[in-house]
Amino acid sequence: MPPIGLFRLLSPALIENYGHWRSLDASRKAGFVMATWDLRANFLPADASEYEKANREGLEECGSAVGLTSAMLVHAVDLYYTTQPQKWERPAFVVLLDVLNTICQKQINAVRATRGLTPLNMKP
C-alpha cells in the first residue's frame, strides 16, 4: 500500500483543509507533523521504488542537516497556507509533503544523483 493510503488508513482524523488545520491547537498540529514525518522518513514499504528509497534517505539527511523540529514544520505548514490562499482546500498531509519536499529537495536530489535517478523538481 502506498504511504498516503497507509496514512489515511491509520489516521483517526484526516485534516481536510486549511480551515480544519486552523481549528487545531498547537499540540495536535505538532503531533500531526511528527506522525507524518515518522511515516515519510522512517516507513518504507517492502515494494518501495528506488525513488521512494532515495526520498526517504534524503529526508533523513535533511532532518539532521536542517535540525527540523515539530515547531518548524508546523510553522512551515502555517506559512504555506497563509501565503497560498488558492490552496486552502488541500489536505494538511499533502501540504506537509510539499513543504518537506521543498525544504529537503537539496538532500533528496543529492541521494538521487548518487543512484542515477531523475532529480526532484519542486516548482513554485
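The values are calculated or read from the model by the stated rules, or taken from the named source; none is laboratory data. Predicted model, so just to flag it, every value in this text is computed and none were measured. With ideal geometry, Cβ positions are generated from the backbone for all residues, glycine too; neighbour counts draw on all protein chains shown. Calculation scope for accessible area: heavy atoms of the full protein, side chains included, ligands and nucleic acids excluded. Shrake-Rupley method; radii C 1.70, N 1.55, O 1.52, S 1.80 Å.
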### Query
So how much slack lies between Ala65 and Ala48, counting 0.36 nm per residue of separation and subtracting their Cα-Cα distance, in nm?
3.7 nm
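Rounded to a whole number, what % of the accessible area of the chain do carbon and sulfur atoms account for, probe 1.4 Å? Intermediate values should be presented prior to the final figure.
Values: 3970 of 6970 Å².
Exposed carbon and sulfur together represent 57 percent of the surface.
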### Task
Answer rounded, prolate or oblate for segment 28-124, using the Cα gyration tensor with square roots of eigenvalues a ≥ b ≥ c: rounded when a/c is under 1.5, else prolate when a/b is larger than b/c, else oblate.
prolate
### Task
Please sort 75-85, 53-63 by packing, taking for each peptide the average over its residues of neighbouring beta carbons within 10 angstrom, highest first.
53-63, 75-85
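With a probe of 1.4 Å, find how much accessible area segment 43-124 has per residue, and write the answer as a whole number in Å².
Numbers: 4440 Å² over 82 residues.
Per-residue accessible area for segment 43-124 comes out at 54 Å².
For the chain, what's the relative contact order in percent, using C-alpha pairs closer than 8 Å and at least 6 residues apart?
Dividing the mean separation by the residue count of the chain yields 33 percent.
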